[in-house]
1. Looking at (1) out of contact with any Ser or Thr (no Cβ under 8 Å at 6 or more places or on another chain); (2) of a type outside the set (V, I, T); (3) not in a loop (DSSP other than H, G, I, E, B), find the lone condition where G68 falls short.
2. Among N96, N58, which is the only one that is in contact (Cβ under 8 Å) with a residue 24 or more places away in the chain and farther than 19 Å from R32 by Cα?
3. Got at least one residue in the stretch 2-14 being open to solvent by less than 50 Å² (accessible area, probe 1.4 Å) and of a type in the set (F, W, Y)?
4. With respect to L30, determine if the residue is buried (at least 16 other Cβ atoms within 10 Å of the Cβ), at pLDDT 95 or above, under 20 Å from Y90 (Cβ atoms) and in contact with a Leu (Cβ under 7 Å, 6 or more places away or on another chain).
5. Tell me which residues, restricted to the stretch 70-85, are small (G, A, S) and in contact (Cβ under 8 Å) with a residue 60 or more places away in the chain.
6. Which condition does E66 not pass, out of (1) open to solvent by 50 Å² or more (accessible area, probe 1.4 Å); (2) without any contact (Cβ under 8 Å) to a residue 12 or more places away in the chain, if it passes all the others?
7. Does the stretch 37-44 include one or more residues that are among the hydrophobic types (A, V, I, L, M, F, W, C) and either without any contact (Cβ under 8 Å) to a residue 12 or more places away in the chain or surrounded by fewer than 17 Cβ atoms within 10 Å (Cβ to Cβ) (or both)?
8. Confirm whether Y100 is part of a strand (DSSP E or B), closer than 17 Å to D3 by Cα and either at pLDDT 95 or above or open to solvent by 30 Å² or more (accessible area, probe 1.4 Å) (or both).
Amino acid sequence: KFDAVFSANTAHIMRWPDVEAMFAGAGSMLSRGGRFMLYGPFNYDNQYTSESNARFDNWLKSRDPESGIRNFEDLDTLAQQAGMFLKHDYGMPANNRILYWEKAS
């Protein structure tokens, strides 16, 4: 078991089944109270947080239609299914965020 898992700039370049596997894997590897932190761009309520993120998402999908900026709500659902709950959502530079989930104790 691990105390923390950190992933940066991955969810938007992965296909959805791989994102699902990442969350399931993180949830299974974390000890109780363990932290999963995910850095990158995210949408909220299916809305872009900036015009630059919209352009970036279009570019991602042009190279792989199964990639793209993920919706926070979908990721949070995966986290909950893996036994994690959101502790914080940190704003970062360049329209990125760090989402921080904790494994239920």
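1. Unmet for G68, out of (1) out of contact with any Ser or Thr (no Cβ under 8 Å at 6 or more places or on another chain); (2) of a type outside the set (V, I, T); (3) not in a loop (DSSP other than H, G, I, E, B): (3).
2. On the way: N58 fails: in contact (Cβ under 8 Å) with a residue 24 or more places away in the chain.
Unique residue meeting the criteria: N96.
3. Checking the stretch 2-14: not a single residue is open to solvent by less than 50 Å² (accessible area, probe 1.4 Å) and of a type in the set (F, W, Y).
4. Details: buried (at least 16 other Cβ atoms within 10 Å of the Cβ): yes; at pLDDT 95 or above: yes; under 20 Å from Y90 (Cβ atoms): yes; in contact with a Leu (Cβ under 7 Å, 6 or more places away or on another chain): no.
Taking the combined requirement at face value, the residue does not satisfy it.
5. None; the set is empty.
6. Among (1) open to solvent by 50 Å² or more (accessible area, probe 1.4 Å); (2) without any contact (Cβ under 8 Å) to a residue 12 or more places away in the chain, the lone unmet condition for E66 is (2).
7. Keep residues of the stretch 37-44 that are among the hydrophobic types (A, V, I, L, M, F, W, C), which gives 37-38, 42.
So of that shortlist, the ones also either without any contact (Cβ under 8 Å) to a residue 12 or more places away in the chain or surrounded by fewer than 17 Cβ atoms within 10 Å (Cβ to Cβ) (or both) come out as none.
Within the stretch 37-44 (the criterion being among the hydrophobic types (A, V, I, L, M, F, W, C) and either without any contact (Cβ under 8 Å) to a residue 12 or more places away in the chain or surrounded by fewer than 17 Cβ atoms within 10 Å (Cβ to Cβ) (or both)), the answer is no, since none of the residues qualifies.
8. yes
The values are calculated or read from the model by the stated rules, or taken from the named source; none is laboratory data. Fair warning: this is a prediction, and the values are worked out from it, not measured in the lab. Neighbour counts run over all protein chains shown; Cβ positions are idealised from the backbone, glycine included. Just the protein is used for accessible areas: all its heavy atoms, side chains included, with ligands, DNA and RNA removed. Shrake-Rupley method; radii C 1.70, N 1.55, O 1.52, S 1.80 Å.
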